[in-house]
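The values are calculated or read from the model by the stated rules, or taken from the named source; none is laboratory data. Predicted model, so just to flag it, every value in this text is computed and none were measured. We place every Cβ from the backbone using ideal geometry, glycine too, and count neighbours over all the protein chains shown. Remember, those area values only see protein heavy atoms, side chains included, never the ligands or the DNA or RNA. Shrake-Rupley method; radii C 1.70, N 1.55, O 1.52, S 1.80 Å.
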Amino acid sequence: MLENKFKEDFAQKAAEAFKSQYQDKYKEIGDEQVFSASFIIANIEKPKDPSKGRFAFPVFRYGKLLGDNPPSIASKISEAISNSENQLITVTSIVGFINVQTNFEIEASETIKTAIRQDAKYGSSDIGKNKKILVEYSSPNIAKPFGIGHIRTTILGHSLRRIFLKLGYEAIGLNYLGDWGTQFGKMIVAYKKWADDSIAGKETVEDLLKLYVRFHGEAEENEDLETQARDEFKKLESGDAENKALWEKFREISINEFQRVYDVMGIEFDWITGEAFLNDKMETTIDAFEKANLVSQSDGATIVDLKDDQLPPVLLKKADGATLYLTRDLSGYLYRVKEYNFDEMLYVVAVNQSVHFQQMFKALAMLEDAQFVPDENRMSSKGKHIEFGMIKFGDKMMSTRKGHIIFLEDVINEAAKLAKEKIAEKTPDLENIDEVALQIGLGAIFYSQMSVRRQKDVNFKWEEVLSFEGETGPYLQYTHARLSSLIRKFNSPMDAEIDFSLLDNKEEKRIVELVADFPQAVADAARMYEPNMIANHLIELAAAFNKFYQRKNADGKPDKIISDNKELSKARILLVKSVQIVIREGLYLLGIKAPEAM
Ligand code: ARG
């Protein structure tokens, strides 16, 4: 459970109030669970208008059960709570909602103390204890460069892994490389025909890309190339030594290159695997479907029909014996079930693959049906496609086949260069300017991918993502640096003497609320698989802080955070510290570094 005294206090009192107000009914109902404190806590909401209360509890679901109308229920329960002894909360009722205000002085001191005491652990919880979640992300294709097309899965998935880790899950990050498939037949044909001997052994991913693009260019004129490619891939699948060696070479060149990019980006995985790893597991998969009587033949191909579900058939094996992307994914699922026995598995993959995942989950469910797997042991429903929209780059879409590809590394370098120019204007003598510039450049790129709900498309525009103002990564990083600098100027230890009742203006109140709600934002982000919820929370907090920072007194003079009023300054700097903790930890969850100065 999240640590929140106020919600607990409310839930307990509301549970008691239900009991005392509806004694007779209560006995008849039998199902007491909906009146329990834990149920109430789980159904607390945020009021649409934050000025109405810190949180709200709707009572509509009790109308029928209690034979009373919701407004009357809400008012009886609030009255009973108001009459009980309590100093943490005050409640009011309005048309079926109970709105709860907290005692601000207590909330401020509780929140700030908790954040500072827990520090890097603030926002964590144990809701994921003993739960295992696999998060698959990035998964670029070998023999193609790491393009901007794989950036969103990489950043979203990496963030989700960190969010689940924070909530106590055993979260395992997987990178499932596209290291098998017909494109290798094309690469092999191209390599055998056109490779430049003078660079043999020193080829880069760019060289491989050139070959790939040339193949597609020439194949438009010469259809025979496609046939040759299919043949070379068949040879590879049946273990031909020369082709295998070429495949290994392409794979190694690519992996080294990818790893370099991951290191720059600070992206971590627990297991880097790939499609080829499943080659020797495919027969078992096809067998399982055959034994379950789920396969049929169609023009020589082995398929699983999904007509009843309005889905295209699963092609397990082509007429020529070749297996497919989906066959490998099914095998991978079954393998991971055995190896990890996960509670959940997330595939962080673009929305244009959603039919693929529907086919896969459906086929797995049919397999379990046929095997009479009891409900409690079913695994097919534990996989989820965490889909996301496309990324456009200055309004252009990209296609690898034509060589219209934007290299991720170029984007990172460009971002760092532009960030450096900006920093140099503000802080020309910053010691570690190159390091910070890279952090800001990456912050801009990372944030842009999480600045909207994941289902939405992102349009990446330099001027927007690199701005130090508005909803951007650099804005959050800049705010963090500002917070750090305040703390460097005046660092006051947390002690019993601090008088938090001195924090009483509306800017301070808003900050306390947002710091207090951070743990909930993290939990919500996990529940919705949506890092954007954390990103938004940080933006709101940074905006609230910057308002506070620029606050003026009644006389129009700046109301400085650190002033001659020592007592007030002490309380305020601790508030500042709690904000710094939330921004730093929140950025960490998004995969973004928080510089101390910039
Ligand atoms: N390599 C694939 C691509 O780039 C993505 C793999 C997604 N994961 C999966 N299990 N199918 O399109």
Nonlocal amide H pairs with Lys131, under 5 Å, H built at 1.01 Å: Glu170
Sites Glu425 and Ser72 - FRET efficiency at Förster radius 60 Å, r taken between beta-carbons, to 0.05: 0.45
Where Asp504, Asp495 fall by accessible area, highest first, once all protein chains stay in place (1.4 Å): Asp504, Asp495
Carbon plus sulfur fraction of accessible area for the chain, probe 1.4 Å, in percent: 48
Cα-based helix-to-principal-axis angle, 224-237 vs the chain, degrees rounded to 10: 70
Calculated FRET efficiency for the pair Glu32/Ser84, C-beta based, R₀ 22 Å, to 0.05: 0.65
The chain, accessible area per residue, ligands and nucleic acids excluded (1.4 Å, Å²): 46
Among beta bridges that DSSP assigns inside the chain, antiparallel share in %, nearest 5: 50
Segments 374-380, 72-78, 212-218 sorted - mean Cβ within 10 Å per residue, highest first: 72-78, 212-218, 374-380
The range 535-598 versus the range 141-200: alpha-carbon centroid distance in Å: 40
C-alpha long axis of helix 354-370 to longest principal axis of the chain, angle in °: 90
Gyration tensor verdict on the range 211-270 (Cα atoms; rounded if a/c is under 1.5, prolate if a/b is larger than b/c, oblate otherwise): oblate
Unit charges on C-beta of K, R, D, E only; dipole of the chain, Debye: 1300
Using a Förster distance of 60 Å, the FRET efficiency for Arg61-Lys193 (Cβ separation, nearest 0.05): 0.30
On Cα atoms only, tilt of 325-340 relative to the major axis of the chain in degrees: 50
Extension gain from Ala543 to Lys5, taking 0.36 nm per residue of separation minus the Cα-Cα distance: 191.0 nm
Percent RCO, i.e. relative contact order, over the chain, from Cα pairs under 8 Å lying at least 6 residues apart: 14
Other-chain or far-sequence residues with amide H under 5 Å of Phe460's (modelled H): Lys392, Phe393, Gly394, Asp395
The range 287-430 - charge dipole about Cα centre, Lys and Arg +1 at Cβ, Asp and Glu -1, debye rounded to 20: 440
Three-way shape call for the chain based on the alpha-carbon gyration tensor, with the a/c threshold at 1.5: oblate
Listed peptides 43-51, 156-164, 168-176 by packing density, highest first (mean Cβ within 10 Å): 156-164, 168-176, 43-51
For the range 154-301: rounded, prolate or oblate by the Cα gyration tensor [a/c cutoff 1.5]: oblate
